[in-house]
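See structure below.
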Amino acid sequence: MDRLKDLWAQVSGNLKPRIDPYHYKSYISLIKPRSLNEDIVTLEVPNQRYVDWLGSTYLEQIAGEFASVSGQALEVVLVARNNGGGKTQISPRNPYNPKYTFESFVVGRGNSTAYAAAQAIVERPGQIYNPLFIYAGVGLGKTHLLHAIGHESFQSRRELRTAYVTSEEFTNEFIEAIRYDRSSDLRAKYRNLDILLIDDLQFLAGKEATLEELFHTFNTLYNNSKQIVFTSDRPPAEIKLDERLVTRFEWGLVIDIQPPDIETRIAIIQAKAENEGIRLPDEVVDLIAQRVRSNIRTIEGAILRLSAFSAISEQPISAKMARDVLSNILGRETPRVSIGTIQRVVCDHFEVALGELLSKTRNASVVFPRQVAMYLARNLTDAKLHEIGLQFGGRDHSTVIHSYNKIRDVVENDPDTAALVSKLERIASAGGD
Ligand code: ADP
Ligand code: MG
């Protein structure tokens, strides 16, 4: 028996128990394998309608099964039986951005939990953190991590069916589906996955009908132990969502990515420069790391500009060149958070007077806010330990370290405190308002 028939028998056999029986009978079972050349499989279906429908619903999954039974990344092409110039549908090779991988993600204090959770998901989708909800400010790697999950699944776990969608795309598809009466196609597409990756959930705020659809999609996947990962620029409770959905996020893991600290920024700059094949003097690395604090995309932009300028001017990159070329990026970057702002934000939140915060009192209602403020000062500013101590009523650096470690431990073990601390962190980073 030829190899293609054999492969198709296995592929369709694997699909059968995994998809809607009606879909299997009326679509999949009508597929005829036609040819296998090198790494392209051509499948024939009765007419163009089948090409279109299968193309938008099961093609990816079919390609995934082909890959896992053949052990090879085959491209699958669907054609209509009497196709006289009709459109064919070709399975995507790897829909994920090849730059956004786990290997290219620099791990540091602010993003290590999100990174570890994302990796665990590829290992055991639907089984540990479900749903996983990652939130962070702009340019901190949310999209990168979602793609890394998809990419890694595509590379090493081809049997997994994954889909990445931004919440805007999801909304548009939903609107189209209603308009053209194709809601069942939308369901077939999103409810038969192993991993659904939804980016930028905040855009669904207030979109009730789309949220309703998402809610049902969520339930179907969740009840079948399928993985769902969301990202957003803020925590679930701060997005105008369906309450039921917010409750479900609590069943899983909600984590944030904090802006990278100075060491991580340096590591990121070095990694990016290496990838671009350019040499950055230490002084320039430090300059960028000092000035660009809150957005990794801006860091990348700075490196690309320097590299372009150096190529055009045929001069090596120097600190002077960096200051000239980057003056507007570096000047524009958000002002640093001051310890004063942090103190004000913490005092406002805990309703403690600044005088008390800085005083020697050991009253528990003041000690905790004071420790939180020192923790934030260490995380959000580059102030040295003794400077922080000075600004907190002349304490010495060991007190600062002690407070920092104390809060770090609480943050690691108590989700409520973690949420509170990151909320204060965001308010302070935004200038205290
Ligand atoms: P977000 O979706 O959170 O706005 P992105 O994932 O698009 O951010 O990241 C912005 C850019 O910064 C991307 O090019 C991404 O590769 C890069 N980036 C973000 N975090 C990291 C990291 N930890 N290591 C390396 N590059 C990163
Ligand atoms: Mg993004």
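Using Cα pairs under 8 angstrom and six or more residues apart, how large is the relative contact order of the chain, in percent? If you can, show how the numbers build up before the last one.
Values: 625 pairs, mean separation 51.1, N = 433.
Computed over the chain, the figure is 12 percent.
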- Message: Test of understanding: what is the full-extension gain from S26 to L390, defined as 0.36 nm times their sequence separation minus their Cα-Cα distance?
- Response: 123.6 nm
- Centre separation in Å (Cα based) which lies between the stretch 370-433 and the stretch 155-180: 40 Å
- Item | Simple label model, 7 Å out from Cα along Cβ direction - E243 to S183, nm | 2.4 nm
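If packing is taken as the mean number of other Cβ atoms within 10 Å per residue, what is the order of 25-32, 104-111, highest first?
Numbers: 25-32: 14.9, 104-111: 18.4.
In descending order of packing, they fall as 104-111, 25-32.
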- Output ordering of 164-176, 351-363, 131-143 (per-residue mean of other Cβ within 10 Å, highest first) is 131-143, 164-176, 351-363
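Diagonalise the Cα gyration tensor of the stretch 2-90 and give the resulting equivalent ellipsoid semi-axes, square root of 5 times each eigenvalue, largest first, whole Å. Each step should come with its number before you reach the end.
Numbers: eigenvalues 66, 53, 24 Å².
One finds semi-axes of 18, 16, 11 Å for the stretch 2-90.
With a ≥ b ≥ c the root eigenvalues of the C-alpha gyration tensor of the stretch 216-367, is it rounded (a/c under 1.5), prolate (a/b larger than b/c) or oblate?
Details: a/c = 3.12, a/b = 1.33, b/c = 2.35.
Oblate is the answer for the stretch 216-367, as a/c is 1.5 or above yet b/c matches or exceeds a/b.
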- Item | T417/D348 FRET efficiency (R0 22 Å; Cβ-Cβ; nearest 0.05) | 0.80
- Item | Partners for K320 among lysines (Cα-Cα distance below 30 Å; same-chain residues under 8 apart left out) | K272, K384
- Message: So, R0 is 60 Å and r is the distance between the beta-carbons of A430 and R18; what FRET efficiency does that work out to, to 0.05?
- Response: 0.85
- Which length gain, in nm to one decimal place, applies between A271 and E168 when the Cα-Cα distance is subtracted from 0.36 nm times their residue separation? 33.9 nm
- Ordering 275-286, 59-70 by per-residue average of other C-beta atoms within 10 angstrom, highest first, gives 59-70, 275-286
- Task: Go through the stretch 402-410 residue by residue and turn each phi into a ³J(HN,Hα) via Karplus (6.51, -1.76, 1.60, θ = phi - 60°); whole Hz please, and just put x for glycine and proline.
- Result: 4, 4, 4, 4, 4, 5, 4, 5, 4
- Message: Run the simple label-point estimate for D6 and A116 please: 7 Å along Cα→C-beta, distance reported in nm.
- Response: 4.5 nm
- Task: Go ahead and run the numbers for FRET between H402 and T88, Cβ-Cβ distance against an R0 of 45 Å, rounding to 0.05.
- Result: 0.10
- Query: Once you treat every alpha carbon in the stretch 112-256 as an equal point and sum by Debye, what is log10 I(q)/I(0) at q = 0.11, 0.12 Å⁻¹?
  - Reply: -0.36, -0.43
- Note on the structure: Partner lysines whose C-alpha sits under 29 Å from that of K207, ignoring same-chain residues fewer than 8 away, are K142, K189, K226, K240, K423
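Read the figures in this text as sums done on the coordinates, not as results from a lab. What you see is a predicted model; the values in this text were computed from it and never measured. Note: ideal-geometry Cβ built from the backbone for every residue, glycine included; neighbour counts use all protein chains shown.
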